[in-house]
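So the structure is just underneath, and the comments pick up after that.
Rule-based calculations on the coordinates, nothing more; no lab input. Just so you know, these numbers come straight off a predicted model, no measurement behind them. Don't worry about glycine lacking a Cβ; one is built from the backbone with ideal geometry, like all the others, and counts go over all protein chains shown.
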């Protein structure tokens with residue numbers, strides 16, 4: 001279902017991609033709803049393709065030449081990502097961010113080696129910042145970097161979510177992966193739920209009884225950032 005565009009007086013968010021009629025470029029490199037490469041389209045034609053499927057056209061790489069757009073249900077996508085991110089953050093107090101760098105022309109062996117590093121970081125509970133580094137005229141084919149990031153996200157989807165979608169920053173394309181907390185086994189889950197739901201009953205103090213105040217000290221969660229090749 002297509003996302004509704006806001007009225008003319010509502011400011012457009014600078015943190016979200018342009019969608020549908022907000023896309024300003026006349027042409028785009030189009031990616032289908034299943035991730036298939038559809039080629040170069042006039043944006044007006046790409047909008048019709050998305051509309052025929054009752055989906056949205058989302059500009060995911062605005063600085064590429066031409067910009068890269070993808071067909072998707074944007075409202076559903078945002079909701080699912082928000083729920084996954086909320087689940088991943090639950091009970092999380094310390095976060096490490098590791099970085100893995102790829103080149104757009106990476107060969108199969110190097111890809112598999114770097115993927116193993118990503119898996120190891122995710123299994124340790126760290127988030128992984130994945131960077132595609134472009135040089136020279138490689139920026140003309142920014143979609144190659146997007147293909148690598150989407151392939152990696154698919155390869156590790158059982159243990160991670162895409163917390164930050166692929167986006168271009170200068171000559172780099174970035175994506176942030178976050179580990180998904182494993183669900184406890186059936187017996188453990190029941191024990192955890194029982195402990196959380198348990199209530200401890202105590203006798204109310206007499207009116208003349210002095211109740212001491214209890215000070216609770218809270219600390220902010222620590223975020224540790226480290227780099228890794």
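Roughly speaking, what % of Cα-Cα pairs in segment 78-179 are separated by over 20 Å, rounded to a whole number? Walk me through the numbers before you get to the answer.
Numbers: 1868 of 5151 pairs.
That tail contains 36 percent of the Cα-Cα pairs.
With a 10 Å Cβ neighbour count serving as the proxy for reagent exposure, in which order, fewest first, do 51, 158 appear?
Numbers: 51 14, 158 8.
Placing the least packed residue first, the sequence is 158, 51.
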Whole-Å distance, taken between Cα centres, linking segment 147-184 and segment 108-129 | 11
For the pair residue 40 and residue 141, how long in nm is the line joining their label points, each one 7 Å along Cα→Cβ?
-> 1.5
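Distances longer than 17 Å among the Cα atoms of segment 20-72: what percent of all pairs is that?
Values: 261 of 1378 pairs.
The share of Cα pairs beyond 17 Å in segment 20-72 comes to 19 percent.
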